[in-house]
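Let me begin by presenting the structure, written as structure tokens, before commenting on it.
The values are calculated or read from the model by the stated rules, or taken from the named source; none is laboratory data. Keep in mind that what you see is a predicted model, and the values were worked out from it rather than measured. A quick note on method: Cβ atoms are made from the backbone with ideal geometry, for glycine too, and the neighbour counts reach across all protein chains shown. Ligands, DNA and RNA are stripped out before the accessible areas are found, and what is left, the full protein with its side chains, is counted by its heavy atoms. Shrake-Rupley method; radii C 1.70, N 1.55, O 1.52, S 1.80 Å.
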Amino acid sequence: MLKKILKVVGIILGVLVLLVAGFYTKVYFSVKERMNKVYAVTPQEITVDATDSVLIATGQRYVRSKGCKDCHGDDLGGKVFIDDPALGLLIARNLTKGEGGLPDDYDTRDWVLALKHGIRRDGKPLLFMPSHEYAQLTEWDMKALIAYCSQLPKIDRELPQSDVGPLGKILTDLGKLPLLPAEMIDHNKTLVKEIKAEATAAYGKYLATACQGCHRENMKGGEPVAPGFPPVADISASGNPGKWTAEQFMETLRTGKTPEGKTLKQEEMPWSMTKAYTDVELRALHLYLNTL
Ligand code: HEC
Ligand code: HEC
């Protein structure tokens, strides 16, 4: 009797192992194919005056306020920003022209390809680089980033290649991880020239692109962005920020401490990024969130 039961259990386990292996093989090849796809995209032609001091100064503020430093490191010389055996090893590139960084002839066209299209020079998609958000920047804001970034002091830092782990591939296959932003971008869209930086809901809506990746398009938050992270808060009018004054909102996004006494962890809610926002930017965001 026992032998019979063991045999049945053995068969069931065997079938399960085969099913799991089959599922993973399918995921493995399909995600690999998406990672190796070559995109035929002609980037929008943009000219950047790399000596314009207003552009450079704005770009210098943006590399903090648009989150570049959170992934590429404080000196933009690149860093490992996810190192997890299941998710994978994700390296944000050295953005300077030192050893291990961008090639010497990396030009405005390459910058636009990366920021607006999420694509590398060889036509393959960049991994996990949130270009689907930067693709919505105005032309002027993108120029500011390029003007500043293309004159960074050289930093020599060789980093290993990114490698997506099994869980990373499965989550990508299930649409739960934005590994391939190039797939989410309308590559034919041209950038809006400029948006007036003033305390209006319209400007706030533009800035809120930076919050969408986690707080969702309706800003009502929801499931954690990745395993091990907390659920994302509702920051629309129905959430806590709807009850705050503009001053409390600004204070929270600059100190990570909410009026309710909660301390937001920088790694979970990137307030080192929002800390660099101007009063006008934060007021605009608060106005916009309160319209939702
Ligand atoms: C969520 C993390 C993250 C943020 C935020 C981020 N990057 Fe990246 N970026 C990456 C990763 C990861 C790569 C490498 C992708 C790869 O190797 O496939 C990358 C690659 C790049 C590249 C390399 C392109 C190439 O041709 O190899 C450029 C340029 C770049 N990022 C610029 C920026 C700028 C400018 C910002 C801010 C406006 C920024 N990144 C914000 C993660 C990030
Ligand atoms: C990388 C993901 C991520 C991004 C990007 C992000 N947030 Fe958050 N945010 C979170 C998470 C997660 C929480 C909840 C943290 C917790 O519960 O400890 C949170 C909480 C908050 C809170 C506190 C809400 C409360 O009820 O206490 C505010 C306010 C907030 N975010 C505003 C913003 C704004 C504005 C932006 C865009 C400029 C933004 N966040 C971008 C992940 C993010």
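Residues in the range 205-236 that are on the phi < 0 side of the Ramachandran plot, surrounded by 14 or more Cβ atoms within 10 Å (Cβ to Cβ) and either within 10 Å of ligand 2 (Cβ to nearest atom) or outside any helix (DSSP H, G or I) (or both): 18 in all. What tally of residues in the range 84-131 results from selecting those that are of a type in the set (D, E, K, R) and either touching a His at 6+ places or on another chain (Cβ under 8 Å) or under 19 Å from Gly67 (Cβ atoms) (or both)? Selection size over the range 84-131: 2. Just one of the listed residues (Leu102, Leu95, Leu113, Leu90) is near ligand 1 (Cβ under 9 Å from one of its atoms) and under 18 Å from Ala40 (Cα atoms), namely Leu113.
Can you confirm whether Ala50 is open to solvent by 80 Å² or more (accessible area, probe 1.4 Å), within 27 Å of Gly123 (Cβ to Cβ) and hydrophobic (A, V, I, L, M, F, W, C)? No. Leu292 meets the conditions (1) assigned to a loop (DSSP other than H, G, I, E, B); (2) under 21 Å from the mean Cα position of the chain (by Cα) in every case but one. The failed one is (2).
When the range 88-100 is filtered for residues that are open to solvent by less than 40 Å² (accessible area, probe 1.4 Å) and touching a Lys or Arg at 6+ places or on another chain (Cβ under 7 Å), the ones remaining, listed by number, are Ala92, Asn94, Thr96, Gly98, Gly100. Looking only at residues in the range 225-266 that are charged (D, E, K, R) and farther than 20 Å from Leu207 by Cα, which one is farthest from ligand 1 (Cβ to nearest atom)? In this case the residue turns out to be Lys243. Scan the range 248-287 for residues that are of a type in the set (A, V, I, L, M) and either open to solvent by 70 Å² or more (accessible area, probe 1.4 Å) or within 17 Å of Lys220 (Cβ to Cβ) (or both) and the total you get is 3. The test for being open to solvent by 60 Å² or more (accessible area, probe 1.4 Å) and either among the β-branched types (Val, Ile, Thr) or within 7 Å of ligand 2 (Cβ to nearest atom) (or both) holds for Thr245.
Scanning the range 38-47 for residues that are in contact with a helix residue (DSSP H, G or I) (Cβ under 8 Å, 6 or more places away or on another chain) and under 19 Å from Leu127 (Cα atoms) turns up Tyr39, Val41, Pro43.
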